[in-house]
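Take a look at the structure set out below.
Just so it is clear, none of the values below were taken in a lab; they were calculated from the coordinates. It should be emphasised that the depicted structure is a prediction, and the values quoted were computed from it without experimental measurement. Cβ sites come from the backbone with ideal geometry, for glycine too, and all protein chains shown count toward neighbours.
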Amino acid sequence: MRAHQNSLSCGARGEYEGVVLRAGSGYAVTEDGTEAGRMATQLALQAAGLPSAQVAMVFAGARHGSDEFRAVLDAARETSGATAVLGCSTTGIITNAQEIENHSAVAVLVFGGEDELPLLVASPVRAAPRRAGVRLGKAARARLGGDVTGATMVVLVDPHQLDASAFVAGIAEGAPGLNVVGAGAASREDGEARVFTDGKAVLDAAVAFLMPGSLSPTIGMTHGCQGVSKPLPITAVEDNVILEIDGRPAADVLKEVLSQPDNRPLEKLSIPLLAGIGERLCDDRSDYVVRPFVVPVDDPRCLAVPEPVRAGQTIRFTLRDAIGARDDMKAMLDEQSHLRGKTAPAFGLYFNCAGRGSALYGRSGLDPDLIQRRFGDMPLIGIESAFEIAPTCGRPQVHMLTGVLLLAGERAAAQATAS
């Protein structure tokens with residue numbers, strides 16, 4: 001059964017230091033993978049004013065399933081003429097108009113012009129994630145001629161059985177100073193996520209492309225979890241176990257935080273309390289990573305998180321909060337608008353945790369609606385992701401329950417729309 005086949009696409013032409021790059025986006029919702037891929041790509045080309053594209057970025061809703069992904073990719077390549085087709089599976093696509101959750105939806109962003117967007121692939125990634133990340137980082141640095149200044153790498157990776165933190169740490173080791181954004185692909189509970197590269201839907205791999213500094217990429221991140229405490233210093237640890245916070249047993253500090261009038265005891269919370277881990281000298285609005293924690297049965301005065309922490313880092317206790325998340329999203333968009341000044345971005349990518357959207361707000365589409373209100377009908381696609389990647393405190397980190405917005409280029413001409 002088909003639903004709103006080709007509701008919207010948009011595109012813009014941007015000029016960057018004499019180099020012309022055109023971008024356009026489109027989407028389609030239909031169970032037939034070939035039809036969805038063709039429609040979305042046609043709309044993206046039309047919006048960009050291009051007869052063909054150099055690169056097509058494709059996000060396909062997981063309801064298509066692995067059998068349909070190849071049909072989507074074949075249609076996108078044939079329709080666009082692109083030499084490079086990349087992307088991933090997702091539980092929901094995001095466009096500049098809406099968020100389409102749990103449907104057979106396809107979103108396509110096409111690029112064409114004189115500028116090159118180098119593509120990189122890492123496979124396998126599960127067995128030795130840090131080494132895979134280092135290889136990818138070194139390859140990116142080499143493609144940039146050793147100078148990563150102002151550049152950004154967009155990474156999509158299969159999250160299944162992956163130590164994502166080790167993989168991202170490897171990228172940072174292989175390309176120090178390179179901005180990295182991206183996400184873990186997502187899938188239905190009964191399926192496996194896929195990464196799209198070289199026209200194939202593959203497992204155990206990562207695909208990436210590089211945006212040079214000439215495209216003026218800027219990155220914003222917004223948290224779905226807001227603090228119920230201020231950042232507190234972690235003063236004693238053993239690997240991933242926090243022994244002391246501010247010189248006192250960690251669990252005692254937690255109980256004190258929860259005893260404050262505006263907070264509830266742990267046993268009465270309807271949603272999990274989470275830890276926001278940050279750095280002492282790095283404490284802007286978004287400078288922390290959210291992680292689950294437990295109170296170990298064998299030592300109830302401590303708190304254990306999933307990965308190693310260091311004395312000198314900070315911890316704030318956080319809760320998922322729809323109102324706070326909306327306000328934080330607005331603050332992130334304010335920051336992005338300030339960074340870009342009076343010149344509107346030419347296109348964008350948005351990676352939104354699958355735990356946001358309707359799961360957080362009670363309805364889908366709030367985040368893309370806020371983006372559109374601020375930046376208009378620019379070409380934008382995105383996914384509901386398994387996790388997100390964004391810089392925090394000077395290095396790329398794996399995030400959860402966040403939204404990561406990448407904007408690039410400068411809009412030099414009025415956008416075109418089609419319906």
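Calculate, in nm to one decimal, what HIS160 and ILE271 gain on full extension: separation in residues at 0.36 nm each, minus their alpha carbon distance.
That works out to 37.5 nm of additional length.
If you restrict to DSSP beta bridges whose two residues both lie in the stretch 226-320, what percentage is antiparallel, to the nearest 5?
95 percent
Translational D (Stokes-Einstein, µm²/s) of the stretch 226-320 at 37 °C and 0.692 mPa s when Rh comes from the Kirkwood sum over C-alpha pairs?
249 µm²/s
Suppose R0 equals 25 Å. What FRET efficiency, 1/(1 + (r/R0)^6) with r the Cβ-Cβ distance, do ALA127 and ASP74 give to the nearest 0.05?
0.25
Find, among the trypsin sites (Lys or Arg not before Pro) in the stretch 302-355, those assigned to loop by DSSP (not H, G, I, E, B) with at most 10 other beta-carbon atoms within 10 angstrom.
Here the sparse-neighbourhood loop sites are ARG310, LYS342.
Taking Rh as the Kirkwood radius, which is the inverse of the mean 1/r over Cα pairs, what is the Rg/Rh value for the chain?
Reported Rg/Rh, Kirkwood definition of Rh: 0.98.
Of the listed peptides 294-306, 166-178, 97-109, what is their order by residue-averaged count of other C-beta atoms within 10 Å, with the highest listed first?
Per-residue mean Cβ counts within 10 Å order the peptides as 97-109, 166-178, 294-306.
Return one number: the angle in degrees, 0 to 90 and rounded to the nearest 10, between the long axis of the Cα atoms of helix 164-174 and the longest principal axis of the Cα atoms of the chain.
70 degrees
With each pseudo-label sitting 7 Å past Cα toward Cβ, what's the ASP369-SER259 distance in nm, one decimal?
About 4.2 nm separates the two model spin labels.
Go through the stretch 217-233 residue by residue and turn each phi into a ³J(HN,Hα) via Karplus (6.51, -1.76, 1.60, θ = phi - 60°); whole Hz please, and just put x for glycine and proline.
x, 10, 10, x, 10, 10, 9, x, 10, 10, x, 9, 9, 6, x, 10, x
May I ask you to order 24-34, 246-256 by the average number of other C-beta atoms within 10 Å around their residues, highest value first?
24-34, 246-256
For the pair THR149/GLU173, report the inter-label distance in nm, with labels modelled 7 Å from Cα in the Cβ direction.
2.8 nm
Net charge near ASP204, counting Lys/Arg +1 and Asp/Glu -1 over other residues with Cβ under 12 Å of its Cβ?
For residues surrounding ASP204, the net value is 0.
Using the alpha-carbon atoms, what tilt in degrees (0 to 90, nearest 10) does helix 366-375 show relative to the longest principal axis of the chain?
60 degrees
Using Cα atoms only, what is the angle between the long axis of helix 33-48 and the major principal axis of the chain, expressed in degrees (0 to 90) to the nearest 10?
It is inclined by approximately 80 degrees.
List the residues whose amide H sits under 5 Å from the amide H of GLU410, counting only those 5 or more places along or on another chain, with H placed 1.01 Å from N in the peptide plane.
The answer is GLU15, ALA346.
In the neighborhood of ALA250, defined by Cβ-to-Cβ distances under 12 Å, what is the net charge if each Lys or Arg adds +1 and each Asp or Glu adds -1?
Combined, the nearby Lys, Arg, Asp and Glu give -3.
To make sure I understand the rule: partners must be lysines, Cα under 19 Å from the Cα of LYS342, and not fewer than 8 residues away in the same chain. Which ones qualify?
Straight-distance partners of LYS342: LYS330.
What is the extension gain from ARG188 to ASP283, computed as 0.36 nm multiplied by their sequence separation minus the C-alpha to C-alpha distance, in nm to one decimal?
Separation in residues times 0.36 nm, less the Cα-Cα distance, equals 30.6 nm.
With Cβ to Cβ distances under 12 Å as the rule, what net charge do the other residues near VAL85 carry (K, R +1; D, E -1)?
0
Place a label point 7 angstrom from the Cα of VAL295 along the Cα-to-Cβ direction, then list the residues of the stretch 218-258 whose backbone nitrogen is under 15 Å away.
Zone members listed by number: 242-245, 249-258.
For the peptides 209-222, 76-89, what is the packing order when you average, over each peptide's residues, the other Cβ atoms within 10 Å and list the highest mean first?
Ranked from most to least packed, the peptides come out as 76-89, 209-222.
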